[in-house]
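Remarks on the structure that follows.
Only the coordinates and a few stated rules stand behind these numbers; no lab work does. The structure presented is a predicted model; accordingly, all values stated were derived computationally and were not measured. Here the Cβ is made from the backbone with ideal geometry for all residues, glycine too, and neighbour counts use every protein chain on show.
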Amino acid sequence: MESLISRRRRSPRRARAYSAAFVLAPAIIAAMTFTGVFTIVKVALGLGFVIFVHELGHFLLAKWNGVKVEKFSIGFGPKLFGFTYGETEYVIAALPLGGFVKMLGEAVEDEENKSSDPRAFPNKSVGARISIISAGVVMNLIFGFVFFFYVYRAGWVESSARLGFVTPGSPAYEAGLRAGDEVIGIGGRSEPSFDHLRVRVGMSGSGEALRFTVRRPGVETPLSFDIEPRREARGDFPTIGVLQASGMMLADPPYSAPEGVEGKSPSGLERFDRVVAMGPEGGAIEPVADSATFDRRIAELKEQPVTVVVEHGGIESLEDDGKSKRAPYPRGEATLPPSRVVDFGFRAAIEPISCIQNDSAAKKAGLQLGDRILAVDGRDDFDPLRLPFYCFDHAGKPVVFKVAREVPGHGEQTVEVTATPAPSPPNLSAWRALPGIAIDVTPLGFGYHVRTRVTAIRPGSPAEKAGLKVGDVVRSLKFPKFKEGAEEIPEVTVEFDDEKQNWPLAFAAMQFRPRAQLAITVNGSKTPIEIEPAVEADWFLPQRGLNFMAEYRRLPPQPPLAAIRRGIDETWDNILSVYAMIRGLAQGRVSPNKLGGIISIGAIAYGQASSGLVQLVHFLAMLNINLAVLNFLPIPPLDGGQMVFLIAEKIRGKPLPDAALIIPQYAGLLFVLGLFVFVTYQDIVNVVIPWLTHLFSFMICM
């Protein structure tokens, strides 16, 4: 039967479709098919092999037990190709949704053979029939393990389990995980990748706390945390609130957009360049091994031009096992000028402290949930958006907070708290990536929300010139469309209310788009006000437009015993993940919208096959496990449902009456067909329509 797998969210893009699209579509699709024909062949062979393996298990055990096999089919429906060898017809059918082995005595028209032919399936012992029914699942599990073994023997690239950001107020934040921590164990699994972490967390049960073991920079002994994942109101899976760390490979050339210069930086840096060293212009250039070190150092040099040294190794460096004899990757360098923040010049209202990280400097200093910050180092005109940068600039120095605090029995009192920040730079990219999150004062480990109510306006600022007043509430901010190379980025409107606390997102977006006239609405008015942010002379952006890919690590080809151990771990993890997903669906912790069917499977397989044979084999290994587990669920007409009937027959000592079989068979068939329709609908909505939309958009841009 068809295997169902979880898939990542795909974001649909809106587009218009002109009649010309239908004229050009055949030619474009033909060109795409021609260029990807080998990949399509690999996908077809791979998916066909998974089905073949399953049915081969049934076939071999049927032959072993002396059952006559009349037909061996890969796929359903009309026959595309077939031949007869011996007593069995072998067929490849039109609908690649599974396959079947037809044994003598199974069909209704074989009623006479059930009692007269000793080679009929129903005339075999219960044990023989159980072995035949379970053989397909066993074969898929065996080949899943074999494929994983091959992957680790060949060498594998996997996502690093180093954390790049911990969302304020999340379970991980409250427990005390920090950016830079590397997860080395989770729920009994050692050496996990970030993908393992995401699956294990997403498939956790209600009330289940997972044990995380992490290696923290500067701490010799590994640390352990018990964290209970939770599913947020708009989430599809339970999460703990962490993002993967960036690596040192550029995802794009750096922008110079923050100060209003259109286009890419003329630095000469290219996508897939790997940063290997950096330093102040004209000063000492030192190696950088990880993103945490790079982020800290570039933030310390935020006011100076920085020289960055890169290797032009490209994406191929991820595949390099270090054993092949090759010339060193060519190096280049670029000098990046300082990059300043753009802002409107009004101060937004700060909310009370909403979260404090466990074992943080803020907690040790005595800051508490609900504290309202009134002043920082004696100044009551501090900007809540700027506070994380201020604390980083004062790392290692005491910072005095004056806060208003509700004291039981005494009402609100003013308290002074002194805390010493750590050298942890703010992560502005996370503000843009995670709508509605609290501002994280990373150097101290506490967070608060920022509302769009205007509390102060700087004289001569764009806000004053646009006519904004103290007490105004910004309701929306619209960014115009702009060109990014050959691609047109559409206009975006960010809205603000009590639920959508997105002012940090809008502020971060201003830093990553070309400076332009923006449209804001204020209070209850629907008439937009045109306003262009201005460059802040003394407020610097450390990142300078650099955008890095997620961090990956290469596992070299493993010795046989190590590959066997990893193959067993992967097989077991995938088995548990499927059952955990079913449990999560039943408990409402996993959204059914994250299920996908044959179209999703084909799309993912195509992407993996495009990346290489090892990636395709890894995906097929997971698909084998999915097929095995789902096909063994106790639902007729799946193999697991047939197994239930056979076990009942064994206990009863004779076959079940037809009356006990018909209703479960029809109910199970109806359930499977309904599930097939549902996942096909999800495929159309989440895969087919976005793909067609993207295709039409591409043709329109042409």
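Assorted remarks:
- Within straight-line reach of residue 363, meaning a Cα separation under 16 Å, sit the following aspartates and glutamates at least 8 residues removed in sequence or on another chain: 174, 371, 416, 440.
- Column: log10 I(q)/I(0), Debye, Cα scatterers of the range 510-563, q = 0.27 Å⁻¹: -1.13
- J(HN,Hα) series, the range 369-380, from Karplus relation 6.51 cos²θ - 1.76 cosθ + 1.60, nearest Hz, glycine and proline x: 4, x, 4, 9, 6, 9, 7, 10, 6, x, 10, 8
- In this calculation the C-beta distance from residue 85 to residue 579 is compared with R0 = 41 Å, giving a FRET efficiency of 0.60.
- Amide hydrogen neighbours beyond the local backbone of residue 479, cut-off 5 Å, H modeled: 492, 493, 494
- The Cα center of the range 513-533 and the Cα center of the range 37-77 differ in position by 61 Å.
- 21 Å Cα-Cα threshold exceeded, pairs from 102/650; 302/478; 478/526; 302/469; 402/465; 42/71: 102/650; 302/478; 302/469; 402/465; 42/71
- Residue-span extension gain [residue 226 to residue 465] - 0.36 nm each, minus C-alpha spacing: 80.8 nm
- A cut-off of 5 Å between modelled amide H atoms, ignoring neighbours fewer than 5 places along the same chain, links residue 231 with 239.
- Rounded to the nearest 20 debye, the dipole size of the range 342-538 about its Cα centre is 100 debye, using +1 on the Cβ of Lys and Arg and -1 on the Cβ of Asp and Glu.
- Charging the Cβ of each Asp and Glu at -1 and of each Lys and Arg at +1, and nothing else, the dipole of the chain about its Cα centre rounds to 660 debye.
- Taking every alpha-carbon pair in the range 122-272 and binning the separations at 5 Å intervals from zero gives 2, 8, 11, 14, 12, 10, 12, 11, 8, 5, 3, 2, 1, 1, 1, 0, 0 percent.
- In the chain, a dipole from Cβ-located charges (positive for Lys and Arg, negative for Asp and Glu) runs towards its positive end, and of 357, 148, 392 it is 148 whose Cα lies farthest in that direction.
- A compact globular protein would have a Cα radius of gyration near 2.2 N^0.38 Å; the ratio found for the chain is 1.13.
- Contour minus Cα-Cα distance for residue 410 and residue 517 (0.36 nm per residue): 33.6 nm
- Bins of 10 Å, starting at 0 and running to the largest distance - Cα pair percent for the range 342-538: 8, 34, 34, 19, 5, 1, 0
- Computed packing ranks the peptides 532-545, 162-175 as 162-175, 532-545, most packed first, by mean other Cβ atoms within 10 Å.
- Couplings 3J(HN,Hα) for the range 155-166, derived from phi with the Karplus relation 6.51 cos²θ - 1.76 cosθ + 1.60 (θ = phi - 60°), are x, 9, 9, 10, 5, 6, 8, 7, 8, x, 7, 10 Hz, where x marks Gly and Pro.
- Each peptide in 66-73, 439-446 receives the mean, over its residues, of other Cβ atoms within 10 Å, and ordering these scores from highest gives 439-446, 66-73.
- At least 27 Å along the helix axis (C-alpha) and Kyte average at least 0.5, DSSP helices within the chain: 37-64, 126-154, 658-683
- Cα lying deepest toward the dipole's positive end in the chain, options 375, 334, 549, charges on Cβ: 549
- Amide H contacts under 5 Å for residue 340, placed H, 5+ residues apart: 541
- Rounded to the nearest Hz, the phi-derived 3J(HN,Hα) couplings of the range 65-82 under the Karplus curve 6.51 cos²θ - 1.76 cosθ + 1.60 (θ = phi - 60°) are 8, x, 8, 6, 9, 8, 8, 10, 10, 9, x, 10, x, x, 6, 8, 8, x, where x marks glycine and proline.
- When the alpha carbon coordinates of the range 159-244 are projected onto the principal axes, the ranges are 37, 25, 23 Å, largest first.
- A full extension of the chain between residue 190 and residue 92 corresponds to an added length of 31.0 nm, given 0.36 nm per residue minus the alpha carbon distance.
- In range of the label at residue 661: residues from the range 614-641 whose backbone nitrogen is under 20 Å from the point 7 Å along Cα→Cβ: 632-641
- Cβ-Cβ FRET estimate between residue 562 and residue 335, R0 fixed at 30 Å, reported to 0.05: 0.10
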